[in-house]
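This report concerns only the one structure given below.
The values are calculated or read from the model by the stated rules, or taken from the named source; none is laboratory data. The structure displayed is predicted, hence computed values, not measured ones. Here Cβ is always computed from backbone atoms with ideal geometry, including for glycine, and neighbour counts include all displayed protein chains.
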Amino acid sequence: MIKIIKRFFDFCGKENKKKFQVAMVLGVFMAIAGAMRIPAVYLVLKGLLEDSLTRRLAWVSCGIIAVSIIIQTAIYMKSTMLQTRAGFNTAAGKRIEIAEHLRYVPMGYFNKSSLGAVASVATNTMEQLANIGTRVIVLVTKGYLTTAVILLMMYFFDVRIALIATVGIIIAIVLSTLMQKAVKGVSKDKLDADENMTGKVLEYVQGIAEIKNFNLFGSRITEVEKAVDEAARANLALELPSVTFILLQNIVTKLTGVVIVYFAVRFFLDGSMGAADAVMMIICSFMLFEALDQAGSYSALMNTIDMCVKKGNDALNSPVMDIEGKDIEPETRDLVMENVSFSYDTRKIIDGISLSIPEKSCVALVGPSGGGKTTISQLLARFWDVQEGSVKLGGVDERDYSYDSLMKNFSFVFQNVYLFKDTIANNIRFGEPDAPVEKVIEAAKKACCHDFISSLPDGYDTMIGEGGATLSGGERQRISIARAIMKDAPIIILDEATANVDPENEDELMKAIDSLTHDKTVIMIAHRLKTVRDADKIYVIDHGKIAQEGTHDELVSEEGIYKNFIESRQKAVSWKI
């Protein structure tokens, strides 16, 4: 248990750890304040039984009890506030720390670790630490501290009774230890089941359009139900051994209390213990085991807390790319790939590619789906670290840049745009949160989205749904372009930015892209002829290699993938119904 508490405190951080430690120290004084009632009651009982109680002694005893209650109440309030603040601050701080850490994790992490796993750690795991962990740690330690203080006082009254109480306490602690061992493996199963359930629910909600389209309600709901049922079974599996051991622990403590009462009465009858002492031993037995029962009941959750800490540390210890480079301002924005190879796990995606993208040039990546175009664009922006070869910006290996100084050079417009549940203005100024509204409007005008934003009831203060669900595809794309214009990075990567746009929005979108890419280095992934034909250079990517390269006129005049691509597009355009 001590190791679990230490790991928990280390996880909480220096400032929150200090709050918890102060709360625990206050718990010691709270236990002592509670134990002050024992001698006060003893003095009154002794006076009553020996007919020696005076008014002064009665008032002194009542005063001690009153002070004890006042001190306990004040300490309880202060201790509760400390542990509450420390708990919620820990959860909030770790969520932010995990989010910051994930910025520098290779994109492959999100392939191996599902969205549900990441979401579960940041939500369920941290919530359990905030709501359960902080209280359990303090309640368990408080229970054991109170038990220790009362037991110490019992030794002052009668060693024989105190020894009986000690035996009962030892048996109860042994049962508590066995309970923690019994639920240790189940605690992990519970957290894993909660994680899986979160993932299945997220998957169901995010894929609801496809589920409706293919009428998959039965099978998909069944998967969610299975995950929920498994989580319920895991929670029950955690509770059942806990209930059994808690019952045994309660039986031991209650029986020990009965034994203490029996021997206190027996010692009184044989004359070896005074009446006041016997009554006090009986009272102490109830106080003693009440505190111990509280500690034992909550100790079952100690392993769950330990697993929560482990999962939090796992997320924070996930391998990151080396981001401790230098803050470099490149002299040029020339991009060069030199003999780059890259694999997802064991599947090779990029195989010895070399290419050069001069500053302020426009380069198009075309080719069959799955050929490696998007991976190349991500390697150029260091979403991944190359496994062989190098990527250079301005003649400097990108791994020599600090990650933040490197990312200042890139803006992205993806095929699938993600907008946050916030105002339109805040989505546009996402990379520059303090930007004035005038700058936001200027970017929106360049991105050809000012008119439709102005027509909305609340204009730029209109709240949009998570993921931009309340906007059309073209509107989302233009807002993402406005966001990129706000960043004003010298290198623009367009990944199928016009693929899902309806014809009515295409002209507006192309104007927005022209505003974004003016006087910039442009890397575009596209399948539309009019999007790529004016590129300074076209790279045809197939099976992770450069199959062809050149201008549109050069490539269309030679046999190969590009010419076939153009001919198939022209035939498709000529089809009529």
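Some notes on this structure:
- Pairs linking a residue in the stretch 235-257 that is under 30 Å from Asn124 (Cα atoms) and modelled with pLDDT under 85 to a residue that is assigned to a helix (DSSP H, G or I) and charged (D, E, K, R), with Cβ atoms under 6 Å and 6 or more positions apart or on different chains, are Asn235/Lys190; Leu238/Lys190.
- Test: residue in the stretch 35-44 that is crowded, with 18+ Cβ neighbours inside 10 Å, in a helix (DSSP H, G or I) and under 30 Å from the mean Cα position of the chain (by Cα): no
- Any hit, the stretch 342-354, residues being out of contact with any Leu (no Cβ under 7 Å at 6 or more places or on another chain), crowded, with 18+ Cβ neighbours inside 10 Å, touching a residue at least 40 places away in the same chain (Cβ under 8 Å) and in the same structural domain as Lys6 (by TED's automatic domain parsing): no
- Long-range neighbours under 6 Å by Cβ, at least six apart or interchain, first residue within 15 Å of Ala86 (Cα to Cα) within the stretch 132-145, second of a type in the set (Gly, Ala, Ser) and crowded, with 22+ Cβ neighbours inside 10 Å: Thr134/Gly87; Val138/Ala23
- The test for being under 30 Å from Glu100 (Cα atoms) and not charged (D, E, K, R) holds for Ser318.
- If you filter the stretch 344-373 down to residues that are at pLDDT below 85 and among the polar types (S, T, N, Q), you find that the one that is farthest from His518 (Cα to Cα) is Thr346.
- Of the criteria (1) farther than 30 Å from Asn409 by Cα; (2) in contact (Cβ under 8 Å) with a residue 60 or more places away in the chain, which one Pro330 fails: (1)
- Some residue of the stretch 288-308 being buried (at least 23 other Cβ atoms within 10 Å of the Cβ), more than 30 Å from the chain's Cα centre (by Cα) and not assigned by TED's automatic domain parsing to the domain that holds Thr146: no
- Any chance Thr54 is at pLDDT 85 or above, loosely packed, with under 14 Cβ neighbours inside 10 Å, assigned by TED's automatic domain parsing to the domain that holds Ile282 and not hydrophobic (A, V, I, L, M, F, W, C): no
- For the stretch 61-170, the helices (runs of 4 or more DSSP H) that sit wholly inside it and include 3 or more residues that are among the β-branched types (Val, Ile, Thr) and modelled with pLDDT under 85 are 134-157.
- Selection within the stretch 413-427 - surrounded by 21 or more Cβ atoms within 10 Å (Cβ to Cβ) and part of a strand (DSSP E or B): Val413
- Being assigned by TED's automatic domain parsing to the domain that holds Leu152, surrounded by fewer than 17 Cβ atoms within 10 Å (Cβ to Cβ), farther than 30 Å from Leu175 by Cβ and out of contact with any Gly (no Cβ under 8 Å at 6 or more places or on another chain) holds for only one residue in Val28, Val22, and it is Val22.
Residue by residue, here is whether (1) acidic (Asp, Glu); (2) surrounded by 16 or more Cβ atoms within 10 Å (Cβ to Cβ); (3) more than 30 Å from Met524 (Cβ to Cβ) holds:
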{"position": "Gly257", "(1), (2), (3)": "no, yes, yes"}
{"position": "Phe267", "(1), (2), (3)": "no, yes, yes"}
{"position": "Met273", "(1), (2), (3)": "no, yes, yes"}
{"position": "Asp277", "(1), (2), (3)": "yes, yes, yes"}
{"position": "Phe286", "(1), (2), (3)": "no, no, yes"}
{"position": "Lys311", "(1), (2), (3)": "no, yes, yes"}
{"position": "Pro319", "(1), (2), (3)": "no, no, yes"}
{"position": "Glu324", "(1), (2), (3)": "yes, no, yes"}
{"position": "Asp327", "(1), (2), (3)": "yes, no, no"}
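So that you can scan it fast, the table gives a plain yes or no per residue for (1) among the polar types (S, T, N, Q); (2) surrounded by fewer than 14 Cβ atoms within 10 Å (Cβ to Cβ); (3) at pLDDT 90 or above; (4) touching a Pro at 6+ places or on another chain (Cβ under 8 Å):
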| site | (1), (2), (3), (4) |
| --- | --- |
| Ala526 | no, no, no, no |
| Glu549 | no, no, yes, no |
| Asp553 | no, yes, no, no |
| Phe565 | no, no, no, no |
| Ser574 | yes, yes, no, no |
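- Checking each residue in the stretch 428-459 for being part of a helix (DSSP H, G or I) and among the charged types (D, E, K, R) picks out Glu438, Lys439, Glu442, Lys445, Lys446, Asp451.
- Taken together, Asp534, Asp514, Asp507 contain a single residue that is in the same structural domain as Lys360 (by TED's automatic domain parsing), at pLDDT 70 or above and exposed (fewer than 15 other Cβ atoms within 10 Å of the Cβ), which is Asp534.
- Number of residues in the stretch 537-547 that are outside any loop (DSSP other than H, G, I, E, B), surrounded by fewer than 19 Cβ atoms within 10 Å (Cβ to Cβ) and not basic (Lys, Arg): the value is 2.
- Test: residue in the stretch 398-406 that is assigned to a loop (DSSP other than H, G, I, E, B) and crowded, with 17+ Cβ neighbours inside 10 Å: no
- Looking across the stretch 261-294 at every residue that is at pLDDT below 85 and of a type in the set (Phe, Trp, Tyr), the one that is nearest to Ala165 (Cα to Cα) is identified as Phe289.
- The one condition from (1) closer than 30 Å to Asp385 by Cα; (2) surrounded by fewer than 17 Cβ atoms within 10 Å (Cβ to Cβ) that Thr80 does not meet is (1).
- Selection status of Ala499, at pLDDT 85 or above, of a type outside the set (Val, Ile, Thr) and not in a helix (DSSP H, G or I): no
- Close Cβ contacts (under 9 Å, 6 or more residues apart or on different chains) running from residues in the stretch 379-402 that are free of Cβ contacts under 8 Å to residues at least 40 places away in the same chain to residues that are β-branched (Val, Ile, Thr) and outside any strand (DSSP E or B) comprise Glu398/Val386.
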